[in-house]
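Here is the structure we will look at.
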Amino acid sequence: GQASEEQPGEEEVEQPLALRLLPLLRVGLGPGITPGQQQVARLDCDVAVAARLNTIPGREVRFEIVPELGYAFHSGEALGGHYGTIGFGFRLGTIWVAGSTVTSALLGASSGSFDVGIRAGLRLEVILGLFGLEIAYESRNWDDDPFHGLHVVVTLDAALIFMPMLLTRLGWSLGGRS
């Protein structure tokens, strides 16, 4: 047989499997539903700094690990409070639509007492994760009585809005332009 000769530029380049980092600044706003309470609905606001660690670079369908650290505010006289959150999830999808799990620990204060809780649910994201909908079950220790509710927020990834501006500015700075 003939030995095939490789032309310059025709060799196949194999990409090693590596983690790629995509920072996120997720802002969420929506109702919290508390069945059986006097105040049936409340307003939940979340701000989380997260990172997507893409484990399959260059693929159409991506599997990502998503750790996040954030702040949550819940409105309402009896149910309101301020919480620090730390979470972890798994994301699977394309750049256009993806689904992920959401599990977060909540530590904070509600009505002057210390609360510890957990939030677990699902998030659906579209258009590079720019917009999303999160639905999660939430359980907290409230005045030594367990609190159970539903956390529903619409999310926006503010990093995707500001990142291009920052990268453009950084590119201009590195290129010697101001």
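The values are calculated or read from the model by the stated rules, or taken from the named source; none is laboratory data. Keep in mind that what you see is a predicted model, and the values were worked out from it rather than measured. Cβ: placed from backbone, ideal geometry, glycine included. Neighbour counts: every protein chain shown. Keep in mind that these areas ignore ligands, DNA and RNA; they rest on the heavy atoms of the full protein, side chains included. Shrake-Rupley method; radii C 1.70, N 1.55, O 1.52, S 1.80 Å.
For this structure, a couple of remarks:
- Test: Asn54 is open to solvent by 10 Å² or more (accessible area, probe 1.4 Å), among the polar types (S, T, N, Q) and more than 16 Å from Val27 (Cα to Cα): no
- The strands (runs of 3 or more DSSP E) found entirely in region 33-122 that carry 2 or more residues being closer than 25 Å to Pro23 by Cβ and at pLDDT below 90 are 41-54, 62-74.
- For region 122-165, a residue qualifies if it is within 16 Å of the chain's Cα centre (by Cα), open to solvent by 70 Å² or more (accessible area, probe 1.4 Å) and not aromatic (Phe, Trp, Tyr), and the qualifying residues are Leu122, Leu124, Ile127, Leu128, Leu133, Ile135, Val154, Ile161.
- Output for region 69-99, where each listed residue is open to solvent by 30 Å² or more (accessible area, probe 1.4 Å) and among the charged types (D, E, K, R): Glu77
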